[in-house]
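Engineer: Sharing a structure with you now.
The values are calculated or read from the model by the stated rules, or taken from the named source; none is laboratory data. Model, not experiment: these values are computed from the prediction. Here the Cβ is made from the backbone with ideal geometry for all residues, glycine too, and neighbour counts use every protein chain on show.
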Amino acid sequence: MKQVLHVEDMSVTFALHNSEVHAVREMNFSLAQGETLAVVGESGSGKSQAFLAIMGLLAKNGRAGGRAMMEDINLIGMEPNQLDKHRGKDIAMIFQDPMTSLNPTLKIKTQLGEVLVKHRGFERDKAVQAATEMLERVGIPEPAKRANAYPHELSGGMRQRVMIAMALLCQPKILIADEPTTALDVTVQAQMLDLFKSLTEDFGTALVLITHDLGVVAGVADRMMVMYGGRAVEKGTTDDLFYDPHHPYTLGLLHSTPHIAKRAERLDPIQGLPPSLENLPKGCSFNPRCAFAFDRCLVERPPLAPTENGREKACHYEGPMAYGKVA
């Protein structure tokens, strides 16, 4: 498949008072047309900041380094006026809270129509018609009526679908969805994930799904990248990481996720708290919470290195995982 994004040695740093915080370090990955990559980790792992950097949406005290190549264009460090030519058209992002992402004073048809007027040169009437058709495509009932509504008149699930419709109007090559199901009930979550799956198949759009919830990954993502302490600690296919995790943190995430086949069993949460990015532990960042840590883990940071079958992990431990496989 055609590669649409290649990220190489990307970093994200924030200036705080007299110090710097490294929110993302040494990030490397590629994304192919029509592929879904799940980026998984607890809050503070750096997953959202990495993709805000790619979109050129970091806070003023943030700085990104490395490269994020969209074909022959490096998005990192690009001037905002140049990025505007690509944001929404070639690469789009759906944010966690659709209520704060939509303008409460403008009707849905106006907000969606503006995307087509700006990026594709549509006349306003034609833009509204195309926007209404896209609302129907993403499963909104009575699309003409909803297009004439204000955001507060729609449910949370419908607002999220509006954001997806807005992101897809220009048929971008890359769609980034940041915690898209967090505020939705489980029924709407399932509908949203089915929608993502069908849209990547129909449009050939590459999808990045940023989430802390492994329950939304299975059946949707082709590959996973697990992040901890600002770094990728394991990468591989979704099936590989679900059924045979090689990093203790991935194993911990799986055991702390509810599973329908293990309804009567208690969850086994990861002990302790994620590290402060201002004061990471020496050696492996996960060592204070890791059941498999040994002396080397306390002093030497493991590199992200290939294992087998295209997998990568950042871990010194090579023995069997005590909890066994997670199915």
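Engineer: Residues that are among the hydrophobic types (A, V, I, L, M, F, W, C): find the helices (runs of 4 or more DSSP H) completely inside the stretch 21-117 holding 3 or more of those.
Structural biologist: Numbers: elements: 47-55, 80-83, 98-101.
Qualifying helices (runs of 4 or more DSSP H): 47-55.
Engineer: Working only within the stretch 211-235, note down all residues that are closer than 17 Å to Lys173 by Cα and either assigned to a strand (DSSP E or B) or in contact with a Cys (Cβ under 8 Å, 6 or more places away or on another chain) (or both).
Structural biologist: Within the stretch 211-235, no residue meets the criteria.
Engineer: In this structure, is Leu83 more than 25 Å from Arg146 (Cα to Cα), under 21 Å from the mean Cα position of the chain (by Cα) and touching a residue at least 24 places away in the same chain (Cβ under 8 Å)?
Structural biologist: yes
Engineer: Does Glu179 qualify as being of a type in the set (D, E, K, R), over 20 Å from Phe51 (Cβ atoms) and surrounded by fewer than 21 Cβ atoms within 10 Å (Cβ to Cβ)?
Structural biologist: Numbers: of a type in the set (D, E, K, R): yes; over 20 Å from Phe51 (Cβ atoms): no; surrounded by fewer than 21 Cβ atoms within 10 Å (Cβ to Cβ): yes.
Here the answer is no, as Glu179 does not meet what is asked.
Engineer: Within the stretch 202-235, restricting attention to residues that are touching a Pro at 6+ places or on another chain (Cβ under 8 Å) and of a type in the set (Gly, Ala, Ser), which residue is surrounded by the fewest Cβ atoms within 10 Å (Cβ to Cβ)?
Structural biologist: Residue satisfying both the conditions and the ranking: Gly215.
Engineer: Now for a separate question. Quick one: which residue in Val115, Val186, Val162 is more than 20 Å from Leu58 (Cβ to Cβ) and either in the same structural domain as Ala32 (by TED's automatic domain parsing) or touching a Lys or Arg at 6+ places or on another chain (Cβ under 6 Å) (or both)?
Structural biologist: Val186
Engineer: If we keep just the residues of the stretch 115-151 that are closer than 23 Å to Thr187 by Cβ and of a type in the set (A, V, I, L, M, F, W, C), which is surrounded by the fewest Cβ atoms within 10 Å (Cβ to Cβ)? Step through it out loud before you land on a result.
Structural biologist: From the stretch 115-151, those closer than 23 Å to Thr187 by Cβ are 134-143, 145-146, 149, 151; that's our starting set.
This time we only want the ones that are of a type in the set (A, V, I, L, M, F, W, C), so: 134-135, 138, 140, 149.
Working: Met134: 24, Leu135: 26, Val138: 21, Ile140: 21, Ala149: 15.
Per the criteria, the residue is Ala149.
Engineer: Of everything in the stretch 46-85, what is surrounded by fewer than 15 Cβ atoms within 10 Å (Cβ to Cβ) and of a type in the set (Val, Ile, Thr)? Give them in sequence order.
Structural biologist: Within the stretch 46-85, Ile73 is the sole residue that qualifies.
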